[in-house]
Amino acid sequence: MKKGLILEGGAMRGLFSAGIFDTMLTEGVEFDGMIGVSAGAAFGCNFKSKQPGRALRYNKKYCRNLKYCSYWSWLTTGNIFGADFCYRELPLELDIFDIETFEKNLLEFYMVCTDIETGRALYKKCDKADSDCFEYMRASASMPLVSKIVEVNGGKYLDGALADSIPVKFFETLGYDRNIVILTQPQGYIKKPSAAQGLLRLIYRKYPELVKTMEKRHEIYNETVRYIEQKAARNEILLLRPEQKLPVKRMCKNPEILQQTYDIGRELAMRRMDEIKKFLAQ
């Protein structure tokens, strides 16, 4: 049996997931591997580095910093989340990421990026928290239209959620057969086609496979959620998600709402902790 943790993205909705996995970390819940998409990767790395509370701490402290996330950053650098600030200055100088613990932890850590040439998902395993790891992490969280294309090791990438928002089937192909999936949308949520589809076609017209992927994204997402719900009903997956729409917006500048979102995740995790431990022990 291989135990896996799968994290959906959703920008600041990812703090709901952080509340859950921080609680699991402090409760001694362990996995063989985890995979994160977008914010699920950027925040989830703190599970492997065993730093509960870090994702909440730096988001609350820097959410109003123009270099962290702002339209000013987008207009001046091409990235709404400042690349240098978020993936160098913050983890290496301001709120230190525990690289040593990350690399010693045997937990397998994967991130999902979208290859813009092929339109397919890249599932990148990261054992070392080096510059390449942080670049793939940045790529995984680089939302289209408000982020530059990330070029690393000869590839060109954007947000992993475009190609695979909830990579449960990929993890199953690796032999992970006891999986906990954390979604950031409540039951009943149906993803709709992007309202910016025409603009996306125009901006990324040089990458027709990417455009095709983006046009099908909502269909694949909704099908994957149905697949997860069916397996959860058979106790083959444990599904954790908010019980109602989260109060946070994707680009939230209010520390109190960020804390509230995180606390919702913590409360849910504590309430279901016995269920979580029993599921992983079966």
Point to revise | Positions within the stretch 222-263 being in contact with a Ser or Thr (Cβ under 6 Å, 6 or more places away or on another chain) and open to solvent by 70 Å² or more (accessible area, probe 1.4 Å), in sequence order | key: none
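Sort through LYS60, LYS50 and tell me the only one that's out of contact with any strand residue (DSSP E or B) (no Cβ under 6 Å at 6 or more places or on another chain) and touching a residue at least 60 places away in the same chain (Cβ under 8 Å).
On the way: LYS50 fails: touching a residue at least 60 places away in the same chain (Cβ under 8 Å).
Of the residues listed, the single one that is out of contact with any strand residue (DSSP E or B) (no Cβ under 6 Å at 6 or more places or on another chain) and touching a residue at least 60 places away in the same chain (Cβ under 8 Å) is LYS60.
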Check your understanding: Do any residues in the stretch 120-137 that are in contact (Cβ under 8 Å) with a residue 12 or more places away in the chain and among the charged types (D, E, K, R) have Cβ atoms under 7 Å from those of residues that are open to solvent by 10 Å² or more (accessible area, probe 1.4 Å) and assigned to a loop (DSSP other than H, G, I, E, B), where the two are at least six apart or on different chains, and which pairs are they?
Key -> ARG120/ALA163; ASP132/ASN153
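Are any of the residues in the stretch 199-221 open to solvent by 60 Å² or more (accessible area, probe 1.4 Å), outside any helix (DSSP H, G or I), more than 25 Å from GLU27 (Cα to Cα) and at pLDDT 95 or above?
So the first thing to find is which residues in the stretch 199-221 are open to solvent by 60 Å² or more (accessible area, probe 1.4 Å), and the list is 199, 201-203, 205-206, 208-209, 212, 215-217, 219-220.
Applying the additional criterion that residues be outside any helix (DSSP H, G or I) yields 205-206.
Of the ones still in play, those that are also more than 25 Å from GLU27 (Cα to Cα) are 205-206.
Okay, now just the ones that are also at pLDDT 95 or above, so 205-206.
Checked the stretch 199-221: at least one residue is open to solvent by 60 Å² or more (accessible area, probe 1.4 Å), outside any helix (DSSP H, G or I), more than 25 Å from GLU27 (Cα to Cα) and at pLDDT 95 or above.
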Review point. Of the residues that make up the stretch 248-259, is at least one closer than 17 Å to LEU7 by Cβ and in contact with a strand residue (DSSP E or B) (Cβ under 8 Å, 6 or more places away or on another chain)?
Key: no
Exercise for review: Give me a count of the residues in the stretch 172-198 that are among the aliphatic types (A, V, I, L, M) and either part of a helix (DSSP H, G or I) or within 19 Å of TYR110 (Cα to Cα) (or both).
Suggested key: 5
Check your understanding: Going through the stretch 138-162 one residue at a time, which ones are in contact with a Leu (Cβ under 8 Å, 6 or more places away or on another chain), of a type outside the set (S, T, N, Q), under 18 Å from TYR123 (Cα atoms) and in a loop (DSSP other than H, G, I, E, B)?
Key -> MET143, ILE149
Review point. Within the stretch 257-282, can you find the residues that are touching a residue at least 40 places away in the same chain (Cβ under 8 Å) and not in a helix (DSSP H, G or I)?
Key: GLN282
Check your understanding: Tell me, which residue of the stretch 102-115 that is in contact (Cβ under 8 Å) with a residue 24 or more places away in the chain and assigned to a helix (DSSP H, G or I) is surrounded by the most Cβ atoms within 10 Å (Cβ to Cβ)?
Key -> PHE102
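Mind listing whichever residues of the stretch 1-27 are of a type outside the set (A, V, I, L, M) and farther than 22 Å from LEU162 by Cα? Let's see the steps before the verdict.
Our first condition is that a residue be of a type outside the set (A, V, I, L, M); within the stretch 1-27, this holds for 2-4, 8-10, 13-14, 16-17, 19, 21-23, 26-27.
Within the stretch 1-27, LYS2, LYS3, GLY19, PHE21, ASP22, THR23, THR26, GLU27 qualify.
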Check your understanding: Can you find even one residue in the stretch 189-197 that is surrounded by fewer than 18 Cβ atoms within 10 Å (Cβ to Cβ), modelled with pLDDT of 95 or more, on the phi > 0 side of the Ramachandran plot and of a type outside the set (Gly, Ala, Ser)?
Key -> no
Practice item. Return a yes/no flag: does the stretch 1-20 have any residue that is farther than 16 Å from TYR110 by Cβ and free of Cβ contacts under 8 Å to residues at least 40 places away in the same chain. Key: no
Check your understanding: In the stretch 116-136, what count of residues is obtained for those that are open to solvent by 30 Å² or more (accessible area, probe 1.4 Å), assigned to a loop (DSSP other than H, G, I, E, B) and in contact with a helix residue (DSSP H, G or I) (Cβ under 8 Å, 6 or more places away or on another chain)?
Key -> 5
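The values are calculated or read from the model by the stated rules, or taken from the named source; none is laboratory data. All of these numbers come straight from a predicted model, not from anything done at the bench. For neighbour counting, all protein chains shown are included, and Cβ atoms are generated from backbone atoms with ideal geometry for every residue, glycine included. These accessible areas exclude ligands, DNA and RNA; they are computed on the full protein's heavy atoms, side chains included. Shrake-Rupley method; radii C 1.70, N 1.55, O 1.52, S 1.80 Å.
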